[in-house]
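First the structure, in the form of structure tokens, and then the observations on it.
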């Protein structure tokens, strides 16, 4: 999630010679990770496009109960959260300062609040009070102290995921506590990403980041060879996330909303 100092080049240097280490991060960026994040964004586009089609009553998909759509959404959220953990490792390896980290968290929090405000205007009875951006901001702060302890992160992450999916209690159904997780029924909100289980995937991402870093992310070489536009999406994921739904809803309104 942190910005890069210098992008990791995957094709050639400015002098025209091939980069001897195309995946070695010279900053908290790796082409393969950006491509994976871009791929996750594409999956999100597909999900939200279908969701918006239902909003305009073009299709009648059941996003709340259909195993396909529930699984599709879970895959997208887990991917984003795990990549947050990998990004924490990349930022630490690149020497990103605490001030820079907190600056980035502040930007994410501001975007999360903007999403909440916009969703309250469109969906006042089911606005987003703890969605993906809220979860990323809080989980990043909680996970950062474990960035140098991948095995502890792995154990805690597995526990959080297992507890989040396998245990519930009515006490967490109350609004002030529902953002933690463990609810007996999903709250009335358009996007709900509680810390349990999803923060667990950030912790797993820390472990994964350390594993990938052992060979300078060489295992991602095939992924790094994907089209440049996919990596561009991954490098600008927050900005793309913030604008994609207004664009989709606006385009569909032109097509079906009149």
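Annotations
- Computed from the C-beta positions of residue 186 and residue 46 and an R0 of 25 Å, the FRET efficiency is 0.70 to the nearest 0.05.
- With a simple spin-label model that places each label point 7 Å from the Cα along the Cα-to-Cβ direction, the separation between residue 148 and residue 113 comes to 3.2 nm.
- When you count the other C-beta atoms within 10 angstrom of each residue and take the mean per peptide, 54-66, 144-156 line up highest first as 144-156, 54-66.
- Helix 150-166 axis, angle to the chain major axis (alpha carbon atoms, nearest 10°): 20 degrees
- Principal-axis tilt of helix 31-55 within the chain, Cα atoms, nearest 10 degrees: 20 degrees
- Overall form of the range 31-257 per C-alpha gyration tensor (a/c, 1.5; a/b vs b/c): oblate
- Helix 237-252 axis, angle to the chain major axis (alpha carbon atoms, nearest 10°): 40 degrees
- Estimated FRET transfer efficiency (residue 56, residue 236; beta-carbon r; R0 30 Å; 0.05): 0.65
- Where only DSSP H runs of four or more residues are counted, the chain gives -20000 deg cm²/dmol as its mean residue ellipticity at 222 nm, each run worth -39500 (n - 2.57).
- Stretchable slack from residue 64 to residue 211, in nm (0.36 nm times residue separation minus alpha-carbon distance): 49.4 nm
- With the simple spin-label model, which puts each label point 7 Å out from Cα in the Cβ direction, the residue 169 to residue 120 separation comes to 3.0 nm.
All of the numbers you see were taken from the coordinates with simple rules; none came from a lab. Given the structure is predicted, the values throughout are model-derived calculations rather than measurements. Note that each Cβ is placed from the backbone with ideal geometry, even for glycine, and that neighbours are counted across all protein chains shown.
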